[in-house]
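Read through the structure below, which is laid out as structure tokens, and then see the notes.
Any read-out appearing in this document is the output of simple, stated calculations on the displayed coordinates, not a laboratory observation. From a predicted model like this one, the values you see are computed outputs, not experimental measurements. Here the Cβ is made from the backbone with ideal geometry for all residues, glycine too, and neighbour counts use every protein chain on show.
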Amino acid sequence: MDSSRLLILFIVSILLGLLAPAVAQVNDAVCTYKDDFCRRCSYIGTYEEGGAYQKNLNTLLSSFSSNNKTNSGFYNSSTGQDPYKVNAIALCRGDVSLNDCHTCVNQSSSILFTYCSNQEEAIIWGVFCMVRYSSKLIFGTQEDKPSEYVASPFNANDPEEFDLVLNLFLDTLTEKAASGDSLKKFAAGHVIMQGSTTNQPIYALLQCTPHLGKKSCSDCLKGAISKIPECCGGKQGGRVLKPSCNLRFETNLFYNFTADSLVTLPGKKSTISKAVIIITVVAIVFVAMILIGIFISLRMRRRRKKLKRENDNSDDIGLVESLQYDFETIGSATDDFSDANKLGQGGFGAVYKGRLPNGKYIAVKRLSKNSEQGDREFKTEVTLVSQLHHRNLVRLLGFCLKAGERILIYEYVPNTSLNHFIFDPINHGHLNWETRYKIIRGISRGLLYLHEDSCPRIIHRDLKPSNILLDEDMNPKIADFGMAQLFMTDQTRGDTKTIMGTYGYMAPEYAIHGRFSVKSDVFSFGVLVLEILSGRKITSFRSAENEEDLLTYAWRNWKEDTVSNIIDPVLTTGLGTETIRCIHIGLLCVQENVASRPTMTSVVSMLNSHSMTLPLPSRPAYYLHNSEADTMERTQSYESKNPEHVSINEDSITELYPR
């Protein structure tokens, strides 16, 4: 590289530091549907700032974006000598121009330099390209990890028929893409889904890195297609992103029309005919089976009322029998539950770090024999959490039952829980505003999934900092579903005589009357937001001279227009509109009136759209009166001075469904 190019790279690296806030949206929105870039820093090792590895990396990526010798859109090369050797790949979408390709590679490289600085391996997927580098050899091999899945928020009109047509459609395009040459393995096209009222088009694009052989490309794409039911089933669009291949489908044209072609699906009619036959057979035997079903249902209901002890778990555990681990395997993984591997101790038992024979790390929750968590809670956690799949929920890997032992095996989340950061005098200094905002948004998305998208719908009932775990990228994961409540599709509310949870985070209608709903979780979320913003616990303001908790403190400063008092002093970014908006949302969530609190659907919309006008909050629950003026008054927000201020409409809670 000549000296002028080195000078340009040096200037760009300085500008990137100055422009980091402008790119923060990319860092926040790692793989959301509306974002143009999705990145992963692998953390296999670090390189020295200004050292030989960084110079080789700059040289290599710069050569990709300036290479005009090929118009295939695929670049792979390496430079330097071990241990400073860098291997890199750039793959542009098969339908984009050379100019758009180079622009995407430049933008992608800049983002990786900013957010994966000093990391020896990273990957980023953009709308028009993928860029990847590593100190390891990455050429000529099919790799499935790291991977990302992005689903459209909109459901298809006929999800079952849509998924059926989509699967056949993608299989057809897979064969076409895998049959490409060593310069391009790419296929795009559309199919028309015949409906009762309209003909719905489905557009799709599939691509492999050209250095893969036909079979490897086909295997990679088929593996990507197999992930669609988990991430994007019944959705109008979705993306599956892997190092060696990627695919995307939508109901509108998203690629260059010159690459489009109509695809005819072979065998679709015969497949549908089989479905018709199956439905017909089911309809014929339904009348006979319904009588048997009623009999079995009544008998099972009587049996469930008699189940009181642990061994009676077998019926429910049978649903997840494939997840069962041997006690000896778990004992060996945790070094016989040694104190050296203990991650924490709670009311329900201890949690240990373990390592399976395949090298995978796990978190093992060993329930204490005298734990307050009974058989029902254990069944709930196993049967419920094993069916949940969301990036902001902790994943249950399995369970173990033996001689009075009840053990749950979860994915290992390295950064422990939120309270070890937000309330720790040393660690909370590592939480800048961007990280806290990412944590708030991640929790909101996890709760929205529980309330709206999971089946059955779920109310957590124990949302607090110790139940929010943080992964290596500080992404939040909601944990501990031992007290979760399952609902039918049209339920959002219930009653209980047993109050379980943590005071301060429980909504007043639940703590006092035992009435819980999705709005109970919204209240807990509001408390979490205010704790994350202030760095203070819900009860940390209480004293003999001035009895005041966090909710009262936040409300008083909101009314007195001294919002800066609420913000954690360690935050040096200043009192921005985004910060004030989060305080506003937190106060909306902790309102005393249940109907006034927003749903998580509205909360996620508020966090994603800064143009949405927020309603005025009323006083919070558990408000400690300091004067007669502290009644049900409303406060003027920073937005209320706008003459066009309007309140958003909230859906009311459905009728009570007792359990």
Exercise. If R0 is 41 Å, what FRET efficiency do you get for Asn432 and Ser332 from their C-beta distance, rounded to 0.05?
Worked result: 0.55
Seminar exercise, completed: Around Ala52 (Cβ within 13 Å, Cβ-to-Cβ, excluding Ala52; K/R +1, D/E -1) the net charge comes to -2
For this session: Provide Tyr352, Tyr149 in ascending order of the number of other Cβ atoms located within 10 Å of each residue's Cβ, fewest first.
Result: Tyr149, Tyr352
Exercise. At Thr264 and Met300, where each label point lies 7 Å from the Cα along Cα→Cβ, what is the point-to-point distance in nanometres?
Worked result: 4.7 nm
Problem set entry | Efficiency of FRET from Cβ geometry, Asn118 and Ser540, R₀ 45 Å, rounded to 0.05 | 0.80
Seminar exercise, completed: Rounded to one decimal in nm, the spacing of the 7 Å Cα→Cβ label points at Tyr361 and Ser609 is 4.0 nm
Exercise. So what does log10 I(q)/I(0) come out to for segment 148-266 at q = 0.13, 0.15 Å⁻¹, using the Debye formula with one equal point on every Cα and no solvent?
Worked result: -0.45, -0.60
Seminar exercise, completed: Given 55-68, 101-114, the highest-first ranking by average Cβ count within 10 Å works out to 101-114, 55-68
For this session: Rank-order 289-297, 391-399 by packing density, defined as the average count of other C-beta atoms within 10 Å over each peptide's residues, highest first.
Result: 391-399, 289-297
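Determine the sum of side-chain charges near Pro476: Lys and Arg each +1, Asp and Glu each -1, restricted to other residues whose C-beta is under 12 angstrom from that of Pro476.
Combined, the nearby Lys, Arg, Asp and Glu give +4.
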Seminar exercise, completed: Projecting the Cα atoms of Thr172, Cys245, Val150 onto the charge dipole of segment 148-266, where Lys and Arg contribute +1 and Asp and Glu -1 at Cβ, the residue farthest towards the positive end is Cys245
Exercise. Could you give the nm distance between label points at Asp561 and Ser97, where each point is 7 Å from its Cα heading toward the beta carbon?
Worked result: 5.2 nm
